[in-house]
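Data block below; observations after.
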Amino acid sequence: MQKLILIKYGELTTKKENINLFISTLKNNILKKLEDQDVLVSYDKGRMFISKKDEDYTNIIKLLKEVFGIHEIILAYRLESLDFNELKNNVLDLVKEENFKTFKVETKRSNKNIALTSLEISALVGSYILQNKDVSVDIHNPDLIIYLEIRNKDSYIYFTKIPGLGGYPVGTLGKGILMLSGGIDSPVAGYMAIKRGVKIEAVYFESPPHTSIEAKNKVIELGKILAKYNNDLKLHVINFTEIQESIYKNIPHNYLITIMRRMMYRICEIIAHSNNAKIIVNGESIGQVASQTLTSMKAINEVIKLPVIRPVACFDKLEIIDIAKKIGTYETSILPYEDCCTIFVPDHPVINPVIKECQEYEKLIPYQDLIYKAIKNHEIIRINSQETNNFKDLL
């Protein structure tokens, strides 16, 4: 028998004529994730198989838990035979190493040319175990479930299923630009977009000296966490100081946040076009702050034509925090370093901005020249998915 990893696709199997694209992309993403591992990866439309000479899969499984497009990760034993005597003997050898009093056998038979049905195979193997081991069958709450898969030429035996992240392989649905701040919401929004197959690049707006190097390094750390799921991350750092100061000096303060966000959207759209991105992604949640009322969103969205995807728009803060903790961004997001969205915040920001007023106020500043300058001089940081988290070393 050969010990190997068996991957189940889940949602990908619904893609029919496009399934080859999704599965081949998943294979490429897995190979990139496991580039430092000596593995062989093969697949068909039903399963993917990962094998390794030394058959030590502990670290492989850990890495596969960060790959979207996987429904289940299974440590299995492959028997290159459809002989049922050989199958039941190998199952018995394997269960001798397991500690259990009750069991059941579940069989999946994709090879319909075999005379025995799935239930008959389960009964055959189960009966053999009962004859050779002091255990009993419990179909409702067994200590051990023995899973068998009978495929075209091979048989597979396994005992546990490890949940994968699900979703679609990164890159199958194109590219998006994530507006990444140092807060809780935007990294979660980025994660959720990646889960749907969107490859993201991120834009971070800094405003030195009003924002600190610690705030920037905090965002880089969040970028490293997202890069684990995204394969890597290209981070665009925009110096927003001149734009922000110009807005603060010339525009009524209750409109500061609205006009600032309109400028950010314009910049993100230009970066999206130049990097072949089809959407903008952000962490806006309806009603959470003044710039996230429906009227504010409409007024801010008005300046661009690209679709804006808001994955956490209908989540409350506690739901977003739960996801942030799950994906590992929460502890970094709550570090106390302000970004440019939290400085110069007026006491009474407008919650129902008028688009015509926004357009009139923007005439008071040379925003097109300022945007061009900010984009022309912006910094690009490339984050590799294999980089370790070393935020403390950056401070």
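The values are calculated or read from the model by the stated rules, or taken from the named source; none is laboratory data. Please read all numbers here as calculations on a predicted model, not as lab measurements. Cβ: placed from backbone, ideal geometry, glycine included. Neighbour counts: every protein chain shown.
Tally the residues that are surrounded by 15 or more Cβ atoms within 10 Å (Cβ to Cβ) and under 10 Å from Thr172 (Cβ atoms), restricting the search to the range 1-22.
3
Do we have Lys234 as outside any helix (DSSP H, G or I) and of a type outside the set (Val, Ile, Thr) here?
Judged against the criteria, Lys234 is a match.
Is it the case that Ile23 is β-branched (Val, Ile, Thr) and either part of a helix (DSSP H, G or I) or without any contact (Cβ under 8 Å) to a residue 60 or more places away in the chain (or both)?
yes
Restricting the search to the range 6-20, which residues are part of a strand (DSSP E or B) and either not β-branched (Val, Ile, Thr) or not assigned by TED's automatic domain parsing to the domain that holds Ser155 (or both)?
Across the range 6-20, the qualifying residues are Leu6, Lys8.
On the basis of being assigned by TED's automatic domain parsing to the domain that holds Thr332 and basic (Lys, Arg), does Arg151 make the cut?
No.
Just to be sure before I move on: is Lys218 without any contact (Cβ under 8 Å) to a residue 12 or more places away in the chain, of a type outside the set (Phe, Trp, Tyr) and part of a helix (DSSP H, G or I) in the structure I sent? Working first, answer last.
On the way: without any contact (Cβ under 8 Å) to a residue 12 or more places away in the chain: no; of a type outside the set (Phe, Trp, Tyr): yes; part of a helix (DSSP H, G or I): yes.
Answer is no for this residue.
Run down Ile184, Ile157 and say which single residue is more than 29 Å from the chain's Cα centre (by Cα) and either touching a residue at least 40 places away in the same chain (Cβ under 8 Å) or surrounded by 23 or more Cβ atoms within 10 Å (Cβ to Cβ) (or both).
When all the criteria are applied, what remains is Ile157.
Name the residue that is nearest to Tyr265 (Cα to Cα), counting only residues in the range 135-181 that are part of a loop (DSSP other than H, G, I, E, B) and of a type in the set (S, T, N, Q).
By that ranking, first place goes to Ser181.
Any residue that is among the charged types (D, E, K, R) and touching a Gly at 6+ places or on another chain (Cβ under 8 Å) - is there at least one of those in the range 312-320?
no
Can you name every residue in the range 245-285 that is surrounded by 23 or more Cβ atoms within 10 Å (Cβ to Cβ) and among the hydroxyl-bearing types (Ser, Thr, Tyr)?
Within the range 245-285, just Thr258 meets the criteria.
Does any residue of the range 194-201 turn out to be assigned to a helix (DSSP H, G or I) and either buried (at least 22 other Cβ atoms within 10 Å of the Cβ) or in the same structural domain as Lys298 (by TED's automatic domain parsing) (or both)?
Scanning the range 194-201, I find at least one residue that is assigned to a helix (DSSP H, G or I) and either buried (at least 22 other Cβ atoms within 10 Å of the Cβ) or in the same structural domain as Lys298 (by TED's automatic domain parsing) (or both), so the answer is yes.
Does any residue of the range 224-231 turn out to be at pLDDT below 95, assigned to a loop (DSSP other than H, G, I, E, B) and farther than 23 Å from Asn384 by Cα?
no
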